[in-house]
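Visitor: Mind having a look at this structure? Questions to follow.
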Amino acid sequence: MFIWERAATVPVFDAPLDTLYVWIGLGAVSLAVAGTVMAFPTGSPAGATAVADAVNTVAASEYDAREEVAVPAEEIRLGPRTIGLRADGRTAHAHFEYGPVTPVRDGDLRTVLDGARPADVFADPASFAAAIDSAQRRDRGWREAPEGLRVRRVSWGEVDATLVG
């Protein structure tokens, strides 16, 4: 004689009640993680490469050349071979292909950068070269970025320089 035992079956689409709470919790955690990720900066400040490209264009010129380029940053760090821009907590760096350039802040080199001939400002090419060397060795800390950065390539005798400031 056969005894049929009826096995307890659970329908495939029926889920225990606590599974609903797990899915709601998982959804809430996913939204929190997505919100945190979206709050991170998406990239570095645009413009470091564009500024470096403008400097490279002037530096590569065979003749005396000038250009002014906008600086899309709050702070700048300018060195003979690199430029750094900082904005909104993000930092970007770019290298000069045709360096070294001469970072200019003030003094006689600023006068030359603003348009004066080196012969009108310096006694001889040697003193012009010494001012360039001194400016390239100066501390290159972060400072407030100007709205525009001037670039000028000048030559006097055997001294060629790309002034940036």
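Bear in mind that the values in this text are calculations on the coordinates, not laboratory data. Note that the coordinates shown come from a computational prediction; the quantities given were computed from them, not determined experimentally. As a convention, Cβ positions derive from the backbone with ideal geometry for all residues, glycine included, and neighbour counts pool all protein chains shown.
Visitor: Please give the net charge around ALA54, taking every other residue with its beta carbon less than 9 angstrom from that of ALA54, where Lys and Arg add +1 and Asp and Glu add -1.
Guide: On the way: positive: none; negative: ASP53, GLU67, GLU68.
Within the 9 Å Cβ shell, the charges total -3.
Visitor: Related question: Please work out the FRET efficiency for the pair GLU68 and ALA34, using the Cβ-Cβ distance as r and a Förster radius of 45 Å; give the result to the nearest 0.05. Write down the numbers at each step before the final one.
Guide: Details: r = 42 Å, r/R0 = 0.94.
Rounded to the nearest 0.05, the efficiency is 0.60.
Visitor: Local charge sum around ARG153 (other residues, Cβ-Cβ under 10 Å, Lys/Arg +1, Asp/Glu -1)? Before the final figure, lay out the partial values.
Guide: On the way: positive: ARG66, ARG152; negative: GLU62, ASP64, GLU67, ASP160.
Residues near ARG153 contribute -2 overall.
Visitor: Order of VAL51, VAL33 from fewest to most other C-beta atoms within 10 Å? It would help to have the intermediate numbers written out before the result.
Guide: Details: VAL51 25, VAL33 10.
Least crowded to most crowded, the residues run VAL33, VAL51.
Visitor: Quick one: putting +1 on the C-beta of Lys and Arg, -1 on the C-beta of Asp and Glu, what dipole do you get for the range 57-100 around its Cα centre, in Debye to the nearest 20?
Guide: On the way: 5 positive and 8 negative charges, 50 e Å.
Magnitude of the dipole: close to 240 debye.
Visitor: Taking the beta-carbon count within 10 Å as an exposure proxy, list SER30, SER155 from fewest neighbours to most. Numbers along the way, then the final one.
Guide: Working: SER30 10, SER155 13.
Starting with the residue having the fewest Cβ neighbours, the order is SER30, SER155.
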